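Undergrad: Mind having a look at this structure? Questions to follow.
The values are calculated or read from the model by the stated rules, or taken from the named source; none is laboratory data. This is a predicted model, so every value here is computed, not measured. As a convention, Cβ positions derive from the backbone with ideal geometry for all residues, glycine included, and neighbour counts pool all protein chains shown.
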Amino acid sequence: MKINLLFLCVVLCCTSLFSQTIYKELPSRALNTTRDIKIQLPENYDPESTLKHPVIIVFDGDYLFEPVSGQVHFQTYFKEMPQSIIVGIVQGEERFYDSYYDELTGMPFESGKRFYDFVQNELLPYIDNNYNTSLFRVAVGHNLMGNFINSYLFTDEPVFQAYINLSPDYKGMMATNLATRLGYLKNEVFYYLATSDRDIKGLRNNIRQMNEDLKLLDTQKLTFYYDELKGDTHYTLVTGAISKALDKIFEMFKPLDEKEINEKVRTYDGTLDKYIVDRYKRIEDYFGISKPITEDEFAKIVAIAEERNDMESLQKIGKLANKQDPNSSLGTYYLALHAEKIGKNKKATKYYESALLLDETSFIDKEFIKSKLEDLKLAVEEIEDEDDEEN
């Protein structure tokens, strides 16, 4: 099993590296030169589609682009995260100048400020103007560039909504100022921080302290995640941390699982159609992606409605499914089920008959609906026989 999984990982990573990767030299007025970038588009990317994709900007794209690309492709394959556009900035010998900082504040300074402007004012607009991008952007940085990406948080409306800090080397007052800044956010921000027990000692201690400081913040705008990996060095922690970061940042995007069902759906105070609608609205608000509720998720919340004997939810879920796809039999089937459960057999029969004229789904085919009609017919006949005997 482990060998098969490893083979699948290799295949997916290779597919990711060699499909739709674009290499460009992007002219920059801010840097007064060109800068090499790598662009990884989603598999089967369609420029004419209305589908929008989150953008992941990978600093130190020389060595971080491939690990990020491989992990994104892997998680996308299993629908654990949305299809995303990955952009790697090749820094090479320019890295020292790109990350140049003010020794007091730790903020980009001189050549570092010019690189900051290049990313914000030239690279991001170029990607937005040429590809189908959503409003959700992720910055990935390691070591010095981990310090650098935090500088984008010190504006009223940060251009990145998520920050993956891989063993960041906080400089000057960056850590102190950052802990204060994250307590006064106006917009939602995801902040991921990682170190390891074998990380560089000075960095590890600073990162641990940052974790303690951020845990004390009382704000609804910050979603903070911290990992301390075991057995990894400053460099080998990168791959594991990227996997964990993407898994956590895009946790809301994933389909309903047992944990969410047990902790949130079962205890939800209200009709379950509202829960699932609000859940997908948050996905659209956070990630800029509009996607349909899956048939499997409909089935799961219907099961909870039946478990709670919540007939109002069952009826509203049927109406919601019909609204999402009027040509599917799914919503009409749930309305028939609702009518049957409240004893309105004639109404249930009409709904089942209507469902037979609509498109089949993975779970609801015509044979299944016919069997429901037969069962309902037998139930009606038994009731009629009982009434005759009583008379």
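Undergrad: Among the residues of segment 204-224, write down those that are closer than 15 Å to G146 by Cα and in contact (Cβ under 8 Å) with a residue 40 or more places away in the chain.
TA: I207, M210
Undergrad: If you go through segment 64-86 one residue at a time, how many are free of Cβ contacts under 8 Å to residues at least 60 places away in the same chain, in a loop (DSSP other than H, G, I, E, B) and surrounded by fewer than 22 Cβ atoms within 10 Å (Cβ to Cβ)?
TA: So the count comes out to 2.
Undergrad: Moving to a separate point now. When you go through S28, S19 one by one, which is the residue that is at pLDDT below 95, among the hydroxyl-bearing types (S, T, Y) and farther than 23 Å from L166 by Cβ?
TA: Details: S28 fails: at pLDDT below 95.
So the residue among S28, S19 that is at pLDDT below 95, among the hydroxyl-bearing types (S, T, Y) and farther than 23 Å from L166 by Cβ is S19.
Undergrad: In the set Y45, Y101, Y97, Y63, which member is more than 23 Å from A241 (Cβ to Cβ) and at pLDDT 95 or above? Can you show your working first?
TA: Working: Y45 fails: at pLDDT 95 or above; Y101 fails: more than 23 Å from A241 (Cβ to Cβ); Y63 fails: more than 23 Å from A241 (Cβ to Cβ).
On inspection, the qualifying residue turns out to be Y97.
Undergrad: Within the group F115, F109, F136, F154, which residue is of a type in the set (F, W, Y), crowded, with 21+ Cβ neighbours inside 10 Å, over 23 Å from the mean Cα position of the chain (by Cα) and in the same structural domain as P82 (by TED's automatic domain parsing)?
TA: Numbers: F109 fails: crowded, with 21+ Cβ neighbours inside 10 Å; F136 fails: over 23 Å from the mean Cα position of the chain (by Cα); F154 fails: crowded, with 21+ Cβ neighbours inside 10 Å.
Of F115, F109, F136, F154, the one residue that is of a type in the set (F, W, Y), crowded, with 21+ Cβ neighbours inside 10 Å, over 23 Å from the mean Cα position of the chain (by Cα) and in the same structural domain as P82 (by TED's automatic domain parsing) is F115.
Undergrad: Looking at Y275, Y225, Y268, which one is of a type in the set (F, W, Y), in the same structural domain as E307 (by TED's automatic domain parsing) and not in a loop (DSSP other than H, G, I, E, B)? Steps first, answer last, please.
TA: Numbers: Y225 fails: in the same structural domain as E307 (by TED's automatic domain parsing); Y268 fails: not in a loop (DSSP other than H, G, I, E, B).
Exactly one of Y275, Y225, Y268 is of a type in the set (F, W, Y), in the same structural domain as E307 (by TED's automatic domain parsing) and not in a loop (DSSP other than H, G, I, E, B), namely Y275.
A quick yes/no check of all residues on (1) in contact (Cβ under 8 Å) with a residue 24 or more places away in the chain; (2) surrounded by fewer than 17 Cβ atoms within 10 Å (Cβ to Cβ); (3) at negative phi:
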position	(1), (2), (3)
S167	yes, no, no
M174	yes, no, yes
Y184	yes, yes, yes
A194	yes, no, yes
D197	yes, yes, yes
K201	no, yes, yes
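Undergrad: Can you tell me how many residues in segment 156-173 are over 16 Å from A194 (Cβ atoms) and at pLDDT 95 or above? If you could, list the steps in order and put the result at the bottom.
TA: Here is the first cut: in segment 156-173, the residues over 16 Å from A194 (Cβ atoms) are 156-161, 171-173.
Remaining after also requiring at pLDDT 95 or above: 158-161, 171-173.
Number satisfying all stated conditions: 7.
Undergrad: If A241 satisfies every condition in (1) closer than 19 Å to A303 by Cα; (2) surrounded by 17 or more Cβ atoms within 10 Å (Cβ to Cβ) but one, which is the exception?
TA: Status for A241: all satisfied but (1).
Undergrad: Are any residues in segment 222-236 of a type outside the set (S, T, Y) and either surrounded by 14 or more Cβ atoms within 10 Å (Cβ to Cβ) or within 13 Å of A162 (Cβ to Cβ) (or both), and if so, which ones?
TA: Residues of segment 222-236 that are of a type outside the set (S, T, Y), as a first pass: 222, 224, 227-232, 234.
Scanning segment 222-236 gives L222, F224, D227, E228, L229, D232, H234.
Undergrad: Ok, one more. Does segment 226-267 hold any residues that are at pLDDT 95 or above, of a type outside the set (A, V, I, L, M) and farther than 18 Å from S84 by Cβ, and which are they?
TA: Y226, D227, E228, K230, G231, D232, T233, H234, Y235, T236, G240
Undergrad: Filter segment 228-241 down to residues that are among the small types (G, A, S) and either under 20 Å from L178 (Cβ atoms) or part of a loop (DSSP other than H, G, I, E, B) (or both), then give me how many there are.
TA: Taking segment 228-241 and keeping what is among the small types (G, A, S), we get 231, 240-241.
From what's left, either under 20 Å from L178 (Cβ atoms) or part of a loop (DSSP other than H, G, I, E, B) (or both): 241.
Total satisfying the criteria: 1.
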